Amino acid sequence: MKEQFSFDIFSCEQMNEFGLTIASNVPNGTVIALVGDLGAGKTTLVRGVARGLNITEVVQSPTFNIMKLYLKGSRPLIHIDAYRLADINTDIGLDEYIGYETGITMIEWPHYIEDLLPENTLWIEIKSTGETSRHITVSSSDNKLVEAVK
């Protein structure tokens with residue numbers, strides 16, 4: 001059974017703070033699936049995690065690259081945007097990076113590669129409720145992961 005909790009965020013800074021919490025508390029090898037419409041704040045959350053990992057590189061959505069690796073921090077961050085993988089063969093080696101053993105993998109548009117995700121993926125759904133406000137729902141079959149980001 002999936003453990004879950006929800007909360008509201010009212011600014012980009014609060015989204016960044018949530019990212020810092022994630023970076024500080026999830027173990028290496030964690031896979032995080034980010035669900036939300038365009039502009040919901042998925043990449044903003046990834047930036048917060050990057051900041052929490054002391055990554056100083058500019059973090060942008062890897063829509064056209066599909067994947068970006070950030071290795072110059074306290075732990076590696078793998079950022080995947082699976083949007084362009086809709087309806088195509090996803091056997092392009094992503095499975096080597098999903099769950100990267102010494103870092104954190106964050107995936108935007110994860111439903112396009114859901115068959116590659118581990119059972120204990122941490123799912124974060126972001127829904128826009130206003131110009132800067134968001135409703136966040138966190139869930140996973142791994143209760144320890146959910147508790148780690150509360």
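The values are calculated or read from the model by the stated rules, or taken from the named source; none is laboratory data. None of these values were measured; they are calculated from a predicted model. A quick note on method: Cβ atoms are made from the backbone with ideal geometry, for glycine too, and the neighbour counts reach across all protein chains shown.
Which pairs do you get when a residue that is β-branched (V, I, T), found in region 12-26, comes within reach of a residue that is not in a helix (DSSP H, G or I), reach meaning Cβ atoms under 6 angstrom, with the pair 6+ apart or on two chains?
Close Cβ pairs satisfying both conditions: T21/V149; I22/V149.
Out of the residues in region 105-150 meeting the condition of being more than 16 Å from the chain's Cα centre (by Cα) and β-branched (V, I, T), tell me which one is farthest from S11 (Cα to Cα).
It comes out as T129.
Restricting attention to region 41-56, does a residue exist that is modelled with pLDDT under 90 and hydrophobic (A, V, I, L, M, F, W, C)?
no
Which residues, counting only those in region 45-60, are outside any loop (DSSP other than H, G, I, E, B) and surrounded by 19 or more Cβ atoms within 10 Å (Cβ to Cβ)? Steps first, please.
Step one: filter region 45-60 for residues outside any loop (DSSP other than H, G, I, E, B), giving 45-52.
Residues satisfying the conditions are L45, V46, R47, G48, V49, A50, G52.
Residues are listed down the side, and each one gets a yes or a no for (1) hydroxyl-bearing (S, T, Y); (2) surrounded by fewer than 13 Cβ atoms within 10 Å (Cβ to Cβ); (3) free of Cβ contacts under 8 Å to residues at least 12 places away in the same chain; (4) assigned to a loop (DSSP other than H, G, I, E, B):
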residue	(1), (2), (3), (4)
P118	no, no, no, yes
I124	no, no, no, no
T132	yes, no, no, yes
I136	no, no, no, no
S139	yes, no, no, no
V146	no, no, no, no
K150	no, yes, no, yes
